[in-house]
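Comments concern the structure below.
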Amino acid sequence: MAIVILTGLISAACTKPAEKVEEDTQTATLTNPEVQSVIDELGLVYVEEGAQYIITYDEVNAAQQAWCDALVKIGQTKEEGGDYRKVAEQVLSEAYNYDYGKVFFKPTLAFGDQTFRNDKKGALSYFVGGDPDFPNDKGFALTPWVKARYDNAGSDNQGIQIYGSVAITMGNVWVTDKEGNETMVEKTWVFKKGIDGKLRIIVHKSSLPFNPS
């Protein structure tokens, strides 16, 4: 008898009226008209169905430049005798997703069992050093860098993919020290747009270019 009842329950669950299935599908794929207008205007082709938030190319480029500016500000603050650690913490809270969820961060100059910095503590140590749990960190932002700029792969916005509330970039960041020496690192960023409208980094992978010699 128990088997018969269970079978009946399964049968009932699997025989949802066709009009209800259609209604659910429409709800799942319904895109906010304002979002759809941005999708159409930008000619985006990767956006997931039902997207309720959309990132624009301008927002992505602004977030990348803001990261470059923040890197310079951390080192500048230390040079001026300010609280550079506090500035770095603020950058991690505003530019990264650590306070809201998961972040994957693979810095340029990290190795071994500390290659990946999946919490704010590890990320802070990479940027400003001084954490005994990360003895190899010298503070990447404290060089200091006096200038930082970025470019994305390809022309125009070819190096940016937008999927609605998530955008992926691939390209380079160029940093210049006080002696005028410029270093280029390869960057892949993934940004997520929060319900507050702000873009935050959820993936950051950085590496030095391969040198065959």
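Taken over segment 171-213, the residue count meeting the criterion of being assigned to a loop (DSSP other than H, G, I, E, B), under 21 Å from T115 (Cα atoms) and of a type in the set (S, T, Y) is 0.
Before we move on, is V4 loosely packed, with under 10 Cβ neighbours inside 10 Å, at pLDDT below 50 and more than 25 Å from R149 (Cβ to Cβ)? Yes; evaluated as a whole, the condition is true for this residue. Across segment 168-185, a minimum of one residue is classified as over 30 Å from V47 (Cβ atoms) and crowded, with 17+ Cβ neighbours inside 10 Å. In segment 43-146, counting only helices (runs of 4 or more DSSP H) that sit wholly within it, the ones holding 3 or more residues that are under 21 Å from the mean Cα position of the chain (by Cα), of a type in the set (V, I, T) and surrounded by 15 or more Cβ atoms within 10 Å (Cβ to Cβ) span 57-79.
All conditions in (1) of a type outside the set (A, V, I, L, M); (2) out of contact with any strand residue (DSSP E or B) (no Cβ under 7 Å at 6 or more places or on another chain); (3) farther than 29 Å from D83 by Cα hold for G171, with the sole exception of (2). All of (1) without any contact (Cβ under 8 Å) to a residue 12 or more places away in the chain; (2) on the phi > 0 side of the Ramachandran plot hold for F210 with one exception: (2). Residues considered: E41, E59. Of these, the only one that is within 25 Å of W174 (Cβ to Cβ) and not hydrophobic (A, V, I, L, M, F, W, C) is E59. Which residues, taken from segment 150-168, are part of a strand (DSSP E or B), touching a helix residue (DSSP H, G or I) at 6+ places or on another chain (Cβ under 6 Å) and not aliphatic (A, V, I, L, M)? The one that is part of a strand (DSSP E or B), touching a helix residue (DSSP H, G or I) at 6+ places or on another chain (Cβ under 6 Å) and not aliphatic (A, V, I, L, M): Y150. Apart from one condition, F210 fits all of (1) closer than 22 Å to D99 by Cβ; (2) modelled with pLDDT under 95; the exception is (1). Taken together, K106, K86, K102, K121 contain a single residue that is out of contact with any His (no Cβ under 6 Å at 6 or more places or on another chain) and under 16 Å from W67 (Cβ atoms), which is K106.
The values are calculated or read from the model by the stated rules, or taken from the named source; none is laboratory data. Keep in mind the model is a prediction, meaning the values are calculated, not measured. Heads up, the Cβs are rebuilt from the backbone with ideal geometry, glycines too, and the neighbour counts pull from every protein chain shown.
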